[in-house]
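The values are calculated or read from the model by the stated rules, or taken from the named source; none is laboratory data. Model, not experiment: these values are computed from the prediction. Please note: Cβ atoms are built from the backbone with ideal geometry, for glycine as well, and neighbour counts cover all protein chains shown. Each accessible area value is taken on the protein alone, full model and side chains, heavy atoms only, with ligands, DNA and RNA left out. Shrake-Rupley method; radii C 1.70, N 1.55, O 1.52, S 1.80 Å.
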Amino acid sequence: MQSEPQAFDRVLSSMCTDPHPAARDAAERFLATNPGDPGSYPAVAALEDDAIELLSDIAGLDEPAGYITSGGTEANIQAVRIARERADSRTPNVVMPDSGHFSFRKAADLLGVELRIVPTDDDHRADLAAVRSAVDDDTAAVVGVAGTTEYGRVDPIPELSRLARSVDATLHVDAAWGGFVLPFTDYDWHFGHAAVDTMSIDPHKMGQAAVPAGGLLVRSPDLLDELAVDTPYLESTSQATLTGTRSGAGVASAVAAMEELWPEGYRRQYGRSQNNAEWLADALEKRGYAVAEPALPLVAADVPRSTFDALRANGWRISRTATGELRVVCMPHVSREMLASFIGDLDRLEVRASVPVASDD
Ligand code: 0PR
């Protein structure tokens, strides 16, 4: 095989990043291990306990419980599954703001649960009145997002937890992307701030672990029991994960990254990423574009389609929000130099666009 992976020097739209060197090394060493079979692979199974302890520390969870998933999608599906199993309804529903990730559509489809998508407010956060009118006795879960995919917004988690409690539903917090930056902000987002039942928090995004390493955390171990099936021919007697064979590389790299970076390394990274996001937002605003202020290190700006296409043609890996805005995620590999070069290209394109078309006379 001759192919090489893409370089990160023009990747502005991904939520994955270059893994920390210690995470890369750990992933390689544990490539041929399977935490799905702890009887045969005890070393990586022990590492998974360490990973859940570290994640719990980050997410304010006193009694560590959960497992390392293949990513945010699996964690979200499993959280909905827990809620469905727990709910006392034959027609369960899940209430989610329209900023929720599309993985919940997969969950609803797979699990036969109705997904009630409610509008967000003018700042792209869950609209509490809309959530309040959507929940009922059949609501199994309310979803809050702590770091939305498109605008990096944090939903009002304590208020959502009260609404979930009022109908005996679980509150699931999707912090798949935000979980490794939120500890350094003033937001109320975790198990210590509100009655959160389940959470997605992914080491393979801002946590700088190798792919695949997502995280599902649960408030108490009995919530995991909702997922458990018997495993007659394994040494362990039950399994709560969705997939069977799992990546030992993901588990080991998650531990290595968190041991290396939690908390000071992540704090410094948050500082750098947030400064970069603010710098970019400012640069775009100065050029006359409407910018959604970066609450977390993610910038969305209303750049015309033609400019967006030209930037992509120049090799920039950028994406758009559902309403068409340019979206830049300031991941650890996104440096100020990269952003300055991006703005340089934008300025050159604009100069070209503003040169009057030569007339024929
Ligand atoms: N929850 C949130 C809040 C997410 O942002 C994502 C992924 C997930 C869950 C799902 O995680 P996994 O992909 O690990 O299963 N976020 C986007 C995604 O779907 C990131 C994204 C969006 C990347 C647009 C590129 C892009 O153009 O991958």
Roughly how many percent of the accessible protein surface of region 264-352 is carbon and sulfur, given a 1.4 Å probe and a whole-percent answer?
-> 48
Peptide ranges 294-301, 332-339, 140-147, 316-323 listed from the most packed, as the mean C-beta count within 10 angstrom indicates | 140-147, 294-301, 332-339, 316-323
Charge dipole (the chain, unit charges on Cβ, about Cα centre) - positive-most of S354, A79, T323 | S354
With a point put 7 Å past each Cα toward its Cβ, work out how far L31 is from R287 in nm, to one decimal.
-> 4.1
In whole angstrom, how far apart do the alpha carbon centroids of region 59-80 and region 113-158 sit?
-> 19
When the accessible area of region 21-261 is split by element with a 1.4 Å probe, what percent falls to carbon and sulfur?
-> 46
Counting Lys and Arg as +1 and Asp and Glu as -1, each charge on the Cβ, what is the dipole of region 21-261 about the Cα centre in debye, to the nearest 20?
-> 480
How big is Rg to Rh over region 212-284, alpha-carbon atoms, Rh as the Kirkwood inverse-mean-distance radius?
-> 1.19
Sequence ranges 189-202, 101-114, ranked by mean other-Cβ count within 10 angstrom, highest first | 189-202, 101-114
Signed unit charges on C-beta, dipole axis of region 89-176, positive-most listed residue T170, I157, G144 = T170
Probe 1.4 Å, protein heavy atoms only - accessible area per residue of the chain in square angstrom | 44
Taking the mean number of other Cβ atoms within 10 Å as a proxy for protection, how do you rank 53-59, 38-44 from highest to lowest?
-> 53-59, 38-44
For region 21-261, percent of DSSP beta bridges that are antiparallel (nearest 5) comes out at 40
